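Bear in mind these aren't lab numbers, they're just calculated from the coordinates by the rules spelled out. Computed from a predicted model, the values in this text were never measured in an experiment. Please note: Cβ atoms are built from the backbone with ideal geometry, for glycine as well, and neighbour counts cover all protein chains shown.
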Amino acid sequence: MKKLALALAATAALVLSIGSAAEAADKTKVCFVYVGTRTDGGWTQAHENGRLQVEKEFGDKIETPYLESVPEGPDAERAIERMARSGCSLIFTTSFGYMDATVAVAKKFPKVKFEHATGFKAADNVATYNSRFYEGRYISGIIAGKLSKTGTAGYIATFPIPEVVMGINAFEAGAKSVNPNFKMKVIWVNTWFDPGKEADAAKALIDQGVDILAQHTDTTAPMQVAEQRGVKAFGQASDMIKAGPNVQLTAIIDTWGNYYSKRVKALLDGTWKSEQSWDGLKDGILTMAPYTNMPDDVKKLASETEAKIKSGELHPFTGPINKQDGTPWLKAGEKADDGTLLGMNFYIEGVDDKLPAQ
Amino acid sequence: MSIFEAILLTVITASTPLVIAALGELVTERSGVLNLGVEGMMIMGAVGAFAAAQLTGSAYIGIVGGIVSGALFSLLFAFLTLTLVANQVATGLALTILGLGASGMLGEAFVGAPGIRLLPIEIPVLSAIPYIGTVLFKQDLIFYLSILLVIAVNWFLFRSRTGLKIRAIGDNHASAHALGIDVIRMRYLAVMFGGACSGLAGAQLSLIYTPQWTENMSGGRGWIALALVVFASWRPWRLLAGGYLFGAVTILQLHAQAFGIGIPSQFLSMLPYAATVVVLIIISHNRRTTLINTPASLGKAFVPDR
């Protein structure tokens, strides 16, 4: 019985591998490694949408295999190496924690090209790409500053890495530009993904008098609590309007598709080069969900701000901005440089929280 | 509503699934079976409850769906460990992994669907008591069930004949078998009760706690429930207290953060676990009482001689 099963499995594997080999002969393989599930409603789903866009555009020339729920750490290196070995020409590794694994595998496979999301380690065959999420958070902040009656917003934060600290600061900077006394309460849940804990944090913030919620976590649970309690909120990574039809003000939507298709095209044309790309609203890598559940004047202000950021007229981090303890950071008119933003490890004035040590 | 009531309400929501799942596991372990698959049964209950509620439009049928899913899933564990005498630890771990994967597959159609919330039931007169009235007597059915279950299980295990038999099996299955008790049958029932409770806890997650379906939404609560059973030294009332202690510290640390008291968040996130360790040390101070309560045959395979 056991032998029969083994024989069957071996035959099946053989047939499968022949099948994929025949297919792969004339198609380029563009592969994806995901940290979560394709249907998480947030971060990974946004990458999956990008993959589907690429497949639609170049479907007759490429194949797009993917691996999902690959944990950051030693497993990641194995998974990426497996992809490289299976004949992928280009591999997108879509989580910050894959950085070292990507670079390590890239050394072993110099002919395979890699693109790592949100990291900062590059090589001849490793490009990095990121999105200026903070531009969207600045707009969210402006809306919150206009709408909040208590002058206090709550922020559900994940881990004290620069990306998240930058998000909190951008939100505060936006809110402060319309309400100089605006305050922010922050709860660190130390997870990207735990609906129950995210909901608990949302409830705690609302119970303490916050009347607007923003989240950096991946699920729609906080939006759902906001809807139940009648508190306005911002969606994250994907449009969360279904979870909060009466309360979502807008959402920062990651739209990786255009970037992916640009890079795949370069690969097919033979013009692919290792680059470090950090695009924003103007490049369409980041879009705002429709501005809803707010008066027309706020809607107008939000759209105008969005247009100004796109045209380059406005940089969200423009001085004068003080650090949390009141010491000056940016002088009047001075703009933050990318290096400082990518390594941000301090709060700006108005954030009512002690930054956890990193 | 005062902040006191608000916090209490959140604590109850956070503690209820832990208490229910742990209570089921307590009965299973009292019969001498260690089922590490609580997390898997819980998530199967969550997806079963969500699916049943979506398909019928009724949160109450959702509850039934959760209980049935959990119980059926535990039957797989019972068959493997009791009939085929597979290793309980390995099978339990496999059950968790299988549950997390299978629930993701079964639930794919329900991702993003707006959930159906189980509405609270107000108990007249009692709900008018100041401070605690609205919190304790304007709750959902699953909360009331959780309290009733603790009372019922406590009575069942320590005051009923069948409960005595279950404890006897858990302490020494060979002697119980010699006395003519059908060890395997009783253990099947105990495992399925555990599965049903885990399923109910899962239903609470997808119908009340966060009325939605998301993969891995149990978020490790099954493991906490497992720890609670040991924490409570297999006594239902201690389990209730432990569940609420854990829930309370979890919620209070979030409030402490929002309040901005300036204690590092990593330290606060650690508090529920630290509190558990401290209480465990206090409880295990007296080794004799701990030994009396621990089922002596826990995790040991039983093959009846024919």
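For the stretch A:138-165, the residues whose amide N sits under 14 Å from a probe point set 7 Å from the Cα of A:LEU342 along the beta carbon direction are A:162-163. Ranking of B:THR162, A:THR250, B:THR210, B:THR91 by neighbouring Cβ atoms within 10 Å, starting from the fewest: B:THR162, B:THR91, A:THR250, B:THR210. Label reach from B:ARG117 (point 7 Å along Cα→C-beta): in the stretch B:203-241, amide nitrogens under 15 Å belong to B:205-213. Extension gain for the segment B:TRP223 to B:ASP305, taken as residue separation times 0.36 nm less the Cα-Cα distance, is 26.1 nm to one decimal.
Counted residue by residue at 0.36 nm each, then reduced by the alpha carbon distance between them, the extension gain from B:ARG185 to B:TRP155 reaches 8.7 nm. Of all DSSP beta bridges confined to chain A, the antiparallel ones make up roughly 15%. A Förster distance of 22 Å, applied to the separation of the beta-carbon atoms of B:LYS138 and B:TRP237, puts the FRET efficiency at 0.35. With 10 Å bins beginning at zero, the pair-distance distribution over Cα atoms of chain A amounts to 5, 23, 31, 22, 12, 5, 2, 0 %. In a simple Cβ point-charge model (Lys, Arg +1; Asp, Glu -1; nothing else charged), the stretch A:26-131 has a dipole of about 340 debye relative to its Cα centre.
The simple spin-label model puts a point 7 Å past each Cα toward its Cβ; for B:ALA90 and B:SER175 those points are separated by 3.1 nm. With helices as the sole contributors, chain B gives -23000 deg cm²/dmol at 222 nm; each DSSP H run of n ≥ 4 counts as -39500 (n - 2.57), and the sum is divided by every residue.
Its residues counted as N, the protein assembly as shown yields a C-alpha radius of gyration over 2.2 N^0.38 Å of 1.04.
Note on B:ILE67, B:ILE147: ascending count of other Cβ atoms within 10 Å places them as B:ILE147, B:ILE67, the fewest first. Geometric descriptor of the stretch B:3-293, per residue, is 147 Å³ (volume of the convex hull of the Cα atoms).
For the stretch B:3-293, the Cβ-based charge dipole about the Cα centre amounts to some 860 debye (Lys, Arg positive; Asp, Glu negative; other atoms uncharged). Normalised by the number of residues in chain A, the mean separation of alpha-carbon contacts (under 8 Å, six or more apart) gives a relative contact order of 16 percent. Once the chain from A:HIS315 to A:GLU81 is taken as fully extended at 0.36 nm per residue, the excess over their C-alpha distance is 80.3 nm.
Once the Cα atoms are used to define both axes, helix B:88-106 deviates from the longest principal axis of chain B by about 40 degrees.
If only the Cβ of Lys and Arg carry +1 and only the Cβ of Asp and Glu carry -1, the dipole of chain A around its Cα centre is close to 440 debye.
Between the helical axis of B:161-171 and the longest alpha-carbon principal axis of chain B there is an angle of about 70 degrees.
Could you let me know the centre-to-centre spacing of the stretch B:216-232 and the stretch B:1-51, using Cα atoms, in angstrom? Each part reduced to its Cα centre gives a spacing of 8 Å.
A helix-only calculation puts chain A at -13500 deg cm²/dmol for mean residue ellipticity at 222 nm, using -39500 (n - 2.57) for each DSSP H run of at least four residues, averaged over all residues. Unpartnered cysteines of the protein assembly as shown (Cβ-Cβ under 4.7 Å counts as a partner)? Cysteines lacking a close Cβ partner in the protein assembly as shown: B:CYS197. When B:ARG159, B:ARG238 are arranged by Cβ crowding within 10 Å, least crowded first, meaning fewest neighbours, the order is B:ARG159, B:ARG238. Projecting the Cα atoms of B:GLY112, B:GLN212, B:ILE132 onto the dipole axis of the stretch B:3-293, where Lys and Arg carry +1 and Asp and Glu carry -1 at the beta carbon, places B:ILE132 farthest toward the positive end.
Listed cross-link partners A:LYS108/A:LYS273; A:LYS146/A:LYS354; A:LYS176/A:LYS197; A:LYS56/A:LYS108 are compared with a 20 Å cut-off, the Cα-Cα value being larger for A:LYS146/A:LYS354; A:LYS176/A:LYS197; A:LYS56/A:LYS108.
Note on the stretch A:26-131: Cα-only Rg and Dmax are 12.7, 35 Å. The angle between the Cα long axis of helix B:183-204 and the longest principal axis of the Cα atoms of chain B comes to about 10 degrees, rounded to the nearest 10.
Only one residue of B:ALA71, B:PRO264, B:VAL278 has its Cα farthest out toward the positive end of the dipole of the stretch B:3-293, where Lys and Arg carry +1 and Asp and Glu -1 on Cβ, and that residue is B:VAL278.
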